[in-house]
Amino acid sequence: MNGIYLINHTEAYNPSELIYGHAELPLVEHFTADFDWIKEQLPSDKKIVCYSSGTRRCQKLASSLFEEFELLPLVEDINFGSWELKSWNEIAASSKTKWRNDKMNFKAKGAESLTDLIERASECLKNLKNADLLSERAIVSGPYFLKALVVVAMAWPPETILNLNLNPASISRLIYNQKDDTFFLDVWNRTRTF
């Protein structure tokens, strides 16, 4: 595996600013232009094996970029559980206080914590390192999972995930050095300019 392209889904239509990770939201109108731009960033002369989150926004993007892709539960974005599709104002004050006091380990009912997500990203990365090393990989997912994957790959402290910004319709790339079993962050958060 030469590299792993990390492709964040395009912008979701979310005028009410609802909390979402697993929940389905439609895409904003200009998503096809973003799809075209992302496709231009990928090499056309290399075989890329793609894994996608199961959300429609990720599947739609993956199907526009690759002839084939595999739905992989490990690459799903964070599950906010009972907070999914609620506005910040709908969350109980006591829950928000618990979250503020321990952002890495707090879980809403039925959710996963950022620590859980980083563990899942670690498992995913381990599987990728053990896969066929001749093909490059691409992961189409949401921002939290992709940031968790970078934190694990770069061996950064887990709390780093709180400080990373990842824009919609962005592409990043990790390069794996098999000899040293290390990763290099070649590209981070590249987006098209208007």
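The values are calculated or read from the model by the stated rules, or taken from the named source; none is laboratory data. Please read all numbers here as calculations on a predicted model, not as lab measurements. No Cβ is skipped: glycine too gets one built from the backbone with ideal geometry, and neighbour counts run over all protein chains shown. For accessibility, only protein heavy atoms count, side chains too; no ligands or nucleic acids. Shrake-Rupley method; radii C 1.70, N 1.55, O 1.52, S 1.80 Å.
Assorted remarks:
- Of the residues making up region 153-194, those that are more than 24 Å from residue 12 (Cβ to Cβ) and out of contact with any strand residue (DSSP E or B) (no Cβ under 9 Å at 6 or more places or on another chain) are 156, 157, 158, 159, 160, 178, 179, 180, 181.
- Every residue from region 134-181 that is surrounded by 12 or more Cβ atoms within 10 Å (Cβ to Cβ), closer than 20 Å to residue 68 by Cα and of a type in the set (A, V, I, L, M): 138, 139, 140, 169, 171
- Members of region 38-48 found to be more than 13 Å from residue 169 (Cβ to Cβ), open to solvent by 40 Å² or more (accessible area, probe 1.4 Å) and either in contact with a strand residue (DSSP E or B) (Cβ under 6 Å, 6 or more places away or on another chain) or of a type in the set (Asp, Glu) (or both), listed by number: 45, 46
- Residue in region 111-130 that is closer than 15 Å to residue 5 by Cα and assigned to a loop (DSSP other than H, G, I, E, B) present: no
- Selection status of residue 125, under 15 Å from the mean Cα position of the chain (by Cα) and under 18 Å from residue 48 (Cβ atoms): yes
- So residue 89, is it in contact (Cβ under 8 Å) with a residue 24 or more places away in the chain, assigned to a helix (DSSP H, G or I), open to solvent by 10 Å² or more (accessible area, probe 1.4 Å) and polar (S, T, N, Q): no
- Candidate set from region 1-10 (those that are assigned to a loop (DSSP other than H, G, I, E, B) and in contact with a strand residue (DSSP E or B) (Cβ under 6 Å, 6 or more places away or on another chain)); member that is surrounded by the fewest Cβ atoms within 10 Å (Cβ to Cβ): 2
- Whichever residue in region 11-32 is in contact with a Ser or Thr (Cβ under 9 Å, 6 or more places away or on another chain) and among the aliphatic types (A, V, I, L, M) and, among such residues, is most open to solvent (accessible area, probe 1.4 Å): 18
- Selected residue (only one of 35, 106 is in contact with a helix residue (DSSP H, G or I) (Cβ under 6 Å, 6 or more places away or on another chain), open to solvent by less than 80 Å² (accessible area, probe 1.4 Å), aromatic (Phe, Trp, Tyr) and part of a helix (DSSP H, G or I)): 35
- Identity of the residue in region 43-54, at pLDDT 95 or above and outside any strand (DSSP E or B), that ends up farthest from the chain's Cα centre (by Cα): 54
- Of all the criteria given as (1) touching a strand residue (DSSP E or B) at 6+ places or on another chain (Cβ under 9 Å); (2) open to solvent by less than 70 Å² (accessible area, probe 1.4 Å); (3) not in a loop (DSSP other than H, G, I, E, B); (4) not acidic (Asp, Glu), the one not satisfied by residue 60 is (2).
- Residue in region 118-131 that is open to solvent by 30 Å² or more (accessible area, probe 1.4 Å) and in contact with a Phe, Trp or Tyr (Cβ under 6 Å, 6 or more places away or on another chain) present: no
- Residues considered: 192, 173, 137. Of these, the only one that is at pLDDT below 95, in contact with a Phe, Trp or Tyr (Cβ under 6 Å, 6 or more places away or on another chain) and not in a helix (DSSP H, G or I) is 192.
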